Structures are given as structure tokens and as C-alpha cells.
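Some notes on the structure that comes next.
The values are calculated or read from the model by the stated rules, or taken from the named source; none is laboratory data. Keep in mind that what you see is a predicted model, and the values were worked out from it rather than measured. Don't worry about glycine lacking a Cβ; one is built from the backbone with ideal geometry, like all the others, and counts go over all protein chains shown. Accessible surface is based on the protein model in full, side chains and every heavy atom, while ligands, DNA and RNA are left aside. Shrake-Rupley method; radii C 1.70, N 1.55, O 1.52, S 1.80 Å.
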Amino acid sequence: MKLIIFLCSLISLNTCNNSKKTLNFSQNEIETKLELNGTYVIKSLQNEDVSAYGLEVNFNAEKQKITGFSGCNRFFGNYTLSEKSITFGALGSTKMFCEKEANTVETNLFEALSKIDHLNSNNATLEFISNKGIVLTMIKNPQVMPVMFEYSTTSRGVYKSISINKKQVSVVNKRDDDPVIKVCSAPEWEQLINAIKTVDVKNISNLKAPSDRRFFDGALIAKLIIYSDDKKYESASFDHGNPPKEIETIVKEILSISENIE
């Protein structure tokens, strides 16, 4: 009888110890995943300082998905994280035309992401590592701001699209035409950011157009899209030249910034 009680005690103790080990492992794994959640700014790429390009990656820890800005285009894809091991799947992206320098940075970023196999946390900096060493570093972005604005006007036979990010302004004047590109200056980008500070971006799809001339060819059909925090916020259509008052300042700034492109 004493032997049976002793054996039961050993089994119970071993079960408790195993439970504790499993619980501790799960907590560590969760803590590791929580380190990769939200928006991060890329500081260095292949030992080069790329802070000026505004490269960002947004991690969705729950779904293990990423979106980001690669210096020219928006990109998206999946990643797999297990403790300190991380791999990125094939990435998709938008298809904007960019200047040669931005294209080179974007190509280098996608190449680096394809080679990463683990990461390391060094104080506030995340180091992403391949078998050749650290390929890029990131820090958590404390404040997520809009990363791209798009404004388009259309009607029968008429098309124009304006895209503005922190680095460049791109204008397409006709369907299937190549874009005309210029650098977006720091003051121009600051003006756009200031214009958006009083706008509830999440609500722009609900804004009512103040006029309806576009429905009978009295005005071009206009639309505003704002990309922010890995989300796309799109307005309902409105008459070009008469936007809802809530986004009027933003539209004016976009048109002003793009008007001198030839």
C-alpha cells in the first residue's frame, strides 16, 4: 500500500513539473511574438543607413502577416515566427514606377527579407540575421502616420492619378501612360501631414459629397485614398473641385504639390 502511494506521488509530481514546463514555454513564445507587433521603422539595410527612405514594416502578430513601405511601393505577405526563428514568405507589392535610387533600395530590401532566418533583440533595436550576419535593423515606430496619399479623377475619356509618399510625387495623366515623377520635399510632406491631423481618416468613406454634378458629366469623378498603419482608407466619390469640407485641405495640398509636374 505504501509503495502504491509513493508511486502515485511521483506520477503526480512529474505531471505538475511537466505542466509548469509547458506553461513556461508558451509564455516565452507569446512574449517573443509580442515583440513583433505593430509598425517598425527600418534603420539599416545591409550595413547601410536607410533612415532617409522612410522604410516601414507592420507586423500582425495574430495572423503572422506583414505589410510595409519599401521606399517606392507598398508590400504585403506572410511570415513565420517561432521563438527567435523567423522566415518571410513571397512578397507582393504595388507597381509604382520610381527613381533609380528608390528602386535599388526596394530591391535590396526584398532580397534581404528573403534571406533572413532569425532575429535578435538588442535593447530597443531588432536585428534580423541571415547566415552572413545582420542584414537589417528596425526600431518600433511610436507614432503611425499616413504613408501614402492617392487622388484620382475620371470621366469618359479622362483619367488622372496622383500618388504621393514621403519620398516622391507620381502623376499619371492618361491611362496606360508612364508616370511623371518628382521628389516630394520635406516641407511638402509636412504640409500634407499637418492637413490630415484634424481629419478622422477612418471615417472618410462615410463623408457625403456636397454636390452631384459628376453624375451627369458636369464634373470629373474624384476619389481620395489614404494608406496608414497597413490599412487603406477610401472616400466615396465626389465632384472634382468640390470635395467634402472635412478633406478639402488635404485635396488642395495634393493638387498643389502635383501641379508643377510636367
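With θ taken as phi - 60° and the Karplus curve 6.51 cos²θ - 1.76 cosθ + 1.60 applied, the whole-hertz 3J(HN,Hα) list for region 162-173 is 10, 10, 10, 10, 5, 9, 8, 10, 10, 10, 10, 8 Hz, x standing for glycine and proline. Over region 51-153, the hull volume per residue, using the convex hull of the C-alpha atoms, is 128 Å³.
Taking a Cβ cut-off of under 11 Å around Q46, the surrounding Lys, Arg, Asp and Glu residues balance to a net charge of -1, with basic ones at +1 and acidic ones at -1. Sum up the charges of everything whose Cβ sits under 14 Å from the Cβ of K132, counting Lys and Arg as +1 and Asp and Glu as -1, but leave K132 out. Once positives and negatives cancel, what remains is -2. Taking all protein chains together and rolling a 1.4 Å probe, C72 ends up with roughly 0 Å² accessible. Computed from backbone phi, the HN-Hα couplings of region 42-56 come to 7, 9, 9, 9, 6, 6, 10, 6, 10, 4, 5, 8, x, 5, 9 Hz, rounded to whole numbers (Karplus: 6.51 cos²θ - 1.76 cosθ + 1.60, θ = phi - 60°; Gly and Pro given as x).
Solvent exposure of D117, expressed as accessible area, is near 60 Å², computed with a probe of 1.4 Å over the protein chains only. Just so you know, the Cα atoms of region 212-252 work out to an Rg and Dmax of 11.4, 36 Å.
For region 91-220, the Kirkwood hydrodynamic radius from C-alpha pairs, put into Stokes-Einstein at 4 °C and a viscosity of 1.567 mPa s, yields a diffusion coefficient of 70 µm² per second.
When the Cα convex hull of region 129-193 is projected onto planes of every orientation, the mean area is 7.4 nm².
Along the axis of the charge dipole computed for region 150-262 (Cβ charges of +1 for Lys and Arg, -1 for Asp and Glu, origin at the Cα centre), the listed residues W189, N203, I250 are led at the positive end by N203. In this structure, the pairs whose alpha-carbon distance is over 32 Å, taken from K132/K167; K115/K223; K100/K132; K115/K166, are K115/K223.
Taking all protein chains together and rolling a 1.4 Å probe, D200 ends up with roughly 100 Å² accessible.
The distance from the alpha carbon centre of region 218-246 to that of region 51-72 is 24 Å, rounded to a whole number.
A simple count of charges around V172, restricted to other residues whose Cβ falls under 10 Å of its Cβ and scoring Lys, Arg +1 and Asp, Glu -1, yields 0.
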